[in-house]
Amino acid sequence: MIALCDIGQSGLKSLQRAAGFMAVITSSPEEISRCSHAVLSYGGSFASGFEALRKTRLDRTLRAAAAAGKPVLFIGTGMLLACRSCNQNGLYK
C-alpha cells in the first residue's frame, strides 16, 4: 500500500487515481508507518508546508520511514520539505 501524505494540499485525489487501489490518502503517522511506500506531494510555499508537516507530526514520521529504508517520494515543494533547512522567505529548520 502507498501512503499519500495529506498535509492539507489539494491534488492528492489525482495521485490516488493514478496509483489506483494501492494508494490511501492519510495524515495518520500510524497508517503511513504500516504502508510500504510514502509520497509527499506539495505545491504551496515552503513555510506553509513546513508548518503543516510539524502540525501533523509527519516530519518525524517521514524522516523515520526514510531512515528505515522505506521508499519515500517527495514531489514539488515536497522535495524542499525533505531538507533539514531552507532559506526561502526566511530560514526554517
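The values are calculated or read from the model by the stated rules, or taken from the named source; none is laboratory data. Quick caveat: nothing in here was measured; it's all calculated off a predicted structure. Cβ: placed from backbone, ideal geometry, glycine included. Neighbour counts: every protein chain shown. Please note that ligands, DNA and RNA were not included when accessible areas were found on the heavy atoms of the full protein model with its side chains. Shrake-Rupley method; radii C 1.70, N 1.55, O 1.52, S 1.80 Å.
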For this session: Please work out which residue is modelled with the lowest pLDDT, limiting yourself to segment 1-24 and to residues that are of a type in the set (S, T, N, Q) and either surrounded by fewer than 18 Cβ atoms within 10 Å (Cβ to Cβ) or touching an Asp or Glu at 6+ places or on another chain (Cβ under 6 Å) (or both).
Result: SER10
For this session: Mind counting the residues in segment 61-82 that are at pLDDT 90 or above, open to solvent by 30 Å² or more (accessible area, probe 1.4 Å) and out of contact with any strand residue (DSSP E or B) (no Cβ under 7 Å at 6 or more places or on another chain)?
Result: 4
Exercise. Counting only residues that are surrounded by 17 or more Cβ atoms within 10 Å (Cβ to Cβ) and under 15 Å from VAL72 (Cβ atoms), how many does segment 25-48 have?
Worked result: 10
For this session: Go through segment 49-60 and give me each residue that's assigned to a helix (DSSP H, G or I), open to solvent by 20 Å² or more (accessible area, probe 1.4 Å) and of a type outside the set (A, V, I, L, M, F, W, C).
Result: GLU51, ARG54, LYS55, THR56, ASP59, ARG60
